[in-house]
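What follows is a set of notes on a single structure, which appears directly below.
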Amino acid sequence: KVNTTSNDYNIVISSNFESLQQNLIDVGVENKKVCVITDDNVSKYYLDNVINILSDITSKLSYKVIPHGEINKNLGTINTIYQKMIEEKMDRDSYLIALGGGVTGDMVGFASATFMRGNNFIQIPTTLLSQVDSSIGGKTGVDFEGYKNIIGSFHQPELVYINTSTLSTLPKKEVSAGMGEIIKHGLIADKDYFDFIKTNSTLINQLDSDVLEDLIYRSCVIKSDIVSQDEKEKGIRATLNFGHTIGHAVERLFDFKLLHGECVAIGMVSAAYLSFLLNQIDNKQLEDIKKCIRSFDLPTEINTLEPETIYNELFHDKKTKNDILNIILLKGIGTCEIRNDIEKERIIEAIKYIL
Ligand code: NAD
Ligand code: ZN
């Protein structure tokens with residue numbers, strides 16, 4: 001259960017779509033106007049299934065397939081969703097359903113937040129990243145003129161329904177990218193969970209359904225606990241940015257050609273090294289973190305960039321206010337702190353570590 005000041009909702013984790021219909025009924029979808037939005041990859045696998053499930057509980061049903069990829073996460077695509085909503089005469093009682101990864105979820109959430117000042121939406125996330133991260137917490141939005149997620153709104157869903165078996169069709173690289181955020185959850189919030197991830201890396205890589213269910217459950221608990229405490233990111237929610245300060249800079253410098261989770265992995269190594277330099281973790285813990293990241297085929301370093309280039313780019317983050325750099329550091333494994341007092345020399349040293 002996620003409890004935020006604006007809305008309480010359930011995250012349901014299942015290995016199939018069997019309980020989807022009942023959950024939709026429980027949140028009030030029956031006989032309502034519903035439009036399913038999905039992308040042109042996900043539609044091939046799961047759209048028919050979801051439409052069938054919905055057609056038993058409402059006749060006012062439509063769908064729209066949008067082009068996949070971050071490049072289409074923009075106001076142009078939002079326009080086409082609004083047009084569809086007008087065509088279907090949707091209103092504030094209607095439901096949008098996001099069937100897909102974080103790109104679909106962020107856009108559908110934004111369309112739902114803004115259409116007639118807000119209607120209902122449901123997340124059916126189909127990537128590992130969206131199941132443990134983007135579908136929970138109500139951050140919605142699009143990219144604009146090269147700025148990621150710069151236009152957006154907080155808007156909580158009515159339900160998050162995770163079918164872990166959808167991961168069977170997800171490209172391996174995308175599964176690894178999701179693991180970047182999952183390792184982050186262990187590192188910032190739960191040592192025992194980090195150990196679980198380390199111990200079970202082989203089974204996770206094989207998408208063993210029992211282990212996957214535990215993994216997704218534990219990550220969802222961590223994310224929803226944090227979001228429930230701090231919906232609008234005034235405090236503790238910022239700890240979810242561990243690895244993201246340097247990660248985002250790398251992501252932008254590589255022109256978004258690396259996956260977000262890969263950049264977060266590199267950023268986490270750098271932030272972990274910084275924590276080591278400040279005697280907050282020891283060498284064994286640092287090595288453990290790198291080993292864990294590598295066990296999911298995620299990178300721990302990059303080349304072809306200069307330390308100063310990365311350092312300067314840190315200040316171009318939309319979250320950097322008044323040139324004050326907030327960096328999340330580990331204090332051991334499973335706890336962390338937000339710091340804004342780290343000297344440039346130390347940060348450069350931590351950047352050099354990943355080059
Ligand atoms: P994505 O939505 O682009 O999905 C990745 C790729 O996998 C796409 O090509 C998609 O078509 C395909 N795909 C999705 N599910 C599939 C499946 N089951 N089988 C086969 N192919 C499938 O990317 P993502 O990693 O899920 O999400 C990234 C986005 O999430 C970014 O835009 C990021 O900004 C956003 N995000 C948002 C939040 C938040 O709190 N709202 C948090 C983290 C990330
Ligand atoms: Zn992230």
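Surrounded by 14 or more Cβ atoms within 10 Å (Cβ to Cβ), farther than 20 Å from THR164 by Cα, acidic (Asp, Glu) and out of contact with any helix residue (DSSP H, G or I) (no Cβ under 6 Å at 6 or more places or on another chain), is that true of ASP56? No, not satisfied. The lone criterion from (1) in contact with a Pro (Cβ under 9 Å, 6 or more places away or on another chain); (2) at pLDDT below 95 left unmet by SER135 is number (2). I'd like the residue in the stretch 127-152 that is of a type in the set (S, T, N, Q) and not in a loop (DSSP other than H, G, I, E, B) and, out of all such residues, is farthest from ligand 1 (Cβ to nearest atom). Residue satisfying both the conditions and the ranking: GLN131. Does at least one position in the stretch 191-209 carry a residue that is in the same structural domain as CYS263 (by TED's automatic domain parsing), within 17 Å of the chain's Cα centre (by Cα) and within 16 Å of ligand 1 (Cβ to nearest atom)? Looking through the stretch 191-209, none of the residues is in the same structural domain as CYS263 (by TED's automatic domain parsing), within 17 Å of the chain's Cα centre (by Cα) and within 16 Å of ligand 1 (Cβ to nearest atom). Do the conditions hold for PHE296, that is, is it under 23 Å from the mean Cα position of the chain (by Cα) and either within 23 Å of GLY178 (Cα to Cα) or acidic (Asp, Glu) (or both)? It is true that PHE296 is under 23 Å from the mean Cα position of the chain (by Cα) and either within 23 Å of GLY178 (Cα to Cα) or acidic (Asp, Glu) (or both). Test ASP133 against the stated conditions and say whether it is acidic (Asp, Glu) and in contact with a helix residue (DSSP H, G or I) (Cβ under 6 Å, 6 or more places away or on another chain). The answer is yes for ASP133. Quick check, is GLY28 small (Gly, Ala, Ser) and under 30 Å from GLY180 (Cα atoms)? Judged against the criteria, GLY28 is not a match. Scanning the stretch 4-27 for residues that are more than 21 Å from the chain's Cα centre (by Cα) and aliphatic (A, V, I, L, M) yields a count of 4. Evaluating SER153 against the criteria (1) buried (at least 21 other Cβ atoms within 10 Å of the Cβ); (2) more than 26 Å from ALA265 (Cα to Cα); (3) among the polar types (S, T, N, Q) leaves one unmet condition, (1). A single member of GLU345, GLU287 is surrounded by fewer than 14 Cβ atoms within 10 Å (Cβ to Cβ), free of Cβ contacts under 8 Å to residues at least 12 places away in the same chain and under 30 Å from LEU207 (Cα atoms), and it is GLU287.
Could you go through the stretch 130-143 and let me know if any residue there is of a type in the set (A, V, I, L, M) and within 13 Å of the chain's Cα centre (by Cα).
Let us first name the residues in the stretch 130-143 that are of a type in the set (A, V, I, L, M), namely 132, 136, 142.
So of that shortlist, the ones also within 13 Å of the chain's Cα centre (by Cα) come out as 132, 136.
For the stretch 130-143, residues of a type in the set (A, V, I, L, M) and within 13 Å of the chain's Cα centre (by Cα): present.
Taking the stretch 6-124 and the helices (runs of 4 or more DSSP H) fully enclosed by it, the elements with 3 or more residues that are more than 16 Å from ligand 2 (Cβ to nearest atom) and small (Gly, Ala, Ser) are at 102-114.
For GLY28, the conditions (1) in contact (Cβ under 8 Å) with a residue 60 or more places away in the chain; (2) surrounded by 15 or more Cβ atoms within 10 Å (Cβ to Cβ) all hold with the exception of (2).
For the stretch 234-266, the candidate set comprises residues that are over 20 Å from LYS352 (Cα atoms) and not in a helix (DSSP H, G or I); within that set, the residue that is nearest to ligand 2 (Cβ to nearest atom) is LEU259.
The values are calculated or read from the model by the stated rules, or taken from the named source; none is laboratory data. Here the structure is a predicted model, which is why all the values come from computation and not from measurement. When we count neighbours, we look across all protein chains shown, and the Cβ atoms used for this are built from the backbone with ideal geometry, even at glycine.
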